[in-house]
Amino acid sequence: MLRWTVLFIFLAFIAAILGFGNIAGNLAFIAKLCFFLFVALFIGSLYKEITEN
């Protein structure tokens with residue numbers, strides 16, 4: 001999941017350099033969405049692991 005986040009941030013950076021602002025904004029939004037989804041799943045996994053033991 002973090003690899004996808006890094007990939008979308010990289011693509012957004014390249015798109016911004018090339019002048020595609022709209023595409024860069026959309027890619028940055030997708031990267032942010034992936035990152036927060038990763039954080040939510042990570043916290044849920046930690047909670048599950050702590051409560052099972």
Subset of the stretch 15-25 (residues that are part of a helix (DSSP H, G or I), out of contact with any helix residue (DSSP H, G or I) (no Cβ under 8 Å at 6 or more places or on another chain) and either surrounded by 14 or more Cβ atoms within 10 Å (Cβ to Cβ) or hydrophobic (A, V, I, L, M, F, W, C) (or both)):
17
For the stretch 3-14, check the following and say yes or no: at least one residue is surrounded by fewer than 11 Cβ atoms within 10 Å (Cβ to Cβ) and within 12 Å of the chain's Cα centre (by Cα).
yes
Before we move on, is residue 51 of a type in the set (S, T, N, Q) and over 9 Å from the mean Cα position of the chain (by Cα)?
yes
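Only the coordinates and a few stated rules stand behind these numbers; no lab work does. Treat the numbers as computed from the prediction; the structure is a model and nothing was measured. All Cβ positions, glycine included, derive from the backbone under ideal geometry; neighbour counts span all protein chains shown.
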